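Only one structure is covered here, and it is reproduced in the block below.
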Amino acid sequence: MTQIPTADLPGGGRMPLLGFGTWQLSGRQCYDAVRTALDAGYRHVDTATMYRNEAEVGRALRDSGVPRDEVFVTTKLPPARADRPEETIAASLDALGLDRVDLWLVHWPPGDAGVDLWRRFLAVRDDGRARDVGVSNYGLAQVDEVTRATGERPAVNQVPWAPSRYDAAVEQGHRERGVALEGYSPIKNTDLGAPVLHEVADAHGVTPAQVVLRWHLEHGVAVIPKSATPERIAANAAIAGFSLSAEEVARVDGLARG
Ligand SMILES: NC(=O)c1ccc[n+]([C@@H]2O[C@H](COP(=O)([O-])OP(=O)(O)OC[C@H]3O[C@@H](n4cnc5c(N)ncnc54)[C@H](OP(=O)(O)O)[C@@H]3O)[C@@H](O)[C@H]2O)c1
């Protein structure tokens, strides 16, 4: 895979804007899918304590032969563990077989914005167990609250994102704050039969799903599609060889208006 852009994170990490999602993958299927993804060129894998597949993800990483420093690994702390983040990252690292992750996220706000939890996340980062720390499913007001309280912004906010959910104000708000926006469920939240996706896809000789994934990159938004199907895993990674014009991006943005 050539030239997937990256986002520079405050801890010095570079997050590839295309990652491989692993929610609902487990056991042998998860191991095989992550191996296939790494073979197809993905260099970013998204897991979570809640997915119960960190051990399979870690084993696939090791067995792939891809050097550790070439793969960006994210995991997440579930709200139910908000009272024991240090124990939770230790368990994640143990399962993954890693000394540190590239990105550790608060999976959901733990009721409120979780200022105390954010402080403890920063301490884990400072101890070297996560290169960068961030949040997921946070609104901009919650991002501001943890930033104000600590003087340190989340490196990333991972939120549901797709053409149907496109929100220019949310995108701009993250850009202004220097928080990288990472979208999840890009395919689930898309009607792949939408005529505009077919028209743009036909113009480039690609599929509607590839248009959706490329659209994220054109916006500078990270995207982490999941698939258990080898052909789809490879097709979803084959989005570096074409680009969308500003007009095509605007047409796809228009899917948010129904
Ligand atoms: N932070 C959070 O709260 C949160 C929440 C949800 C998800 N996530 C992360 O985001 C990742 C992606 O989101 P997601 O798994 O919810 O949804 P997704 O990636 O949008 O969709 C996955 C579904 O789309 C199918 N699919 C994949 N590629 C396709 C293609 N090219 N054409 C047609 N269908 C295709 C997959 O089927 P097959 O597998 O059968 O191929 C699967 O059923 C997750 O895996 C997880 O890592 C994070």
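The values are calculated or read from the model by the stated rules, or taken from the named source; none is laboratory data. Computed from a predicted model, the values in this text were never measured in an experiment. Cβ sites come from the backbone with ideal geometry, for glycine too, and all protein chains shown count toward neighbours.
Here are some notes:
- Residue ID - farthest from the ligand (Cβ to nearest atom), chosen from residues in the range 73-95 that are over 18 Å from Val156 (Cβ atoms) and of a type in the set (A, V, I, L, M): Ala90
Every residue, every condition in (1) at pLDDT below 95; (2) within 13 Å of the ligand (Cβ to nearest atom); (3) among the hydroxyl-bearing types (Ser, Thr, Tyr); (4) within 25 Å of Val73 (Cα to Cα), yes or no:
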residue: Gly178; (1), (2), (3), (4): no, no, no, yes
residue: Leu181; (1), (2), (3), (4): no, yes, no, yes
residue: Pro186; (1), (2), (3), (4): no, yes, no, yes
residue: Pro195; (1), (2), (3), (4): no, no, no, no
residue: Val200; (1), (2), (3), (4): no, no, no, no
residue: His204; (1), (2), (3), (4): no, no, no, no
residue: Thr207; (1), (2), (3), (4): no, yes, yes, no
residue: Glu218; (1), (2), (3), (4): no, no, no, yes
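- Residue check, Thr150 within 15 Å of the ligand (Cβ to nearest atom) and among the polar types (S, T, N, Q): no
- Tally, over the range 204-234, of residues that are aliphatic (A, V, I, L, M) and not in a loop (DSSP other than H, G, I, E, B): 9
Conditions (1) farther than 27 Å from Val106 by Cβ; (2) in a helix (DSSP H, G or I), marked per residue:
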residue	(1), (2)
Glu182	no, no
Gly193	yes, no
Val200	yes, yes
Asn236	no, yes
Ala240	yes, no
Asp253	yes, yes
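- Residues (crowded, with 19+ Cβ neighbours inside 10 Å, aliphatic (A, V, I, L, M) and assigned to a helix (DSSP H, G or I)) located in the range 4-57: Ala33, Val34, Ala37, Leu38, Val57
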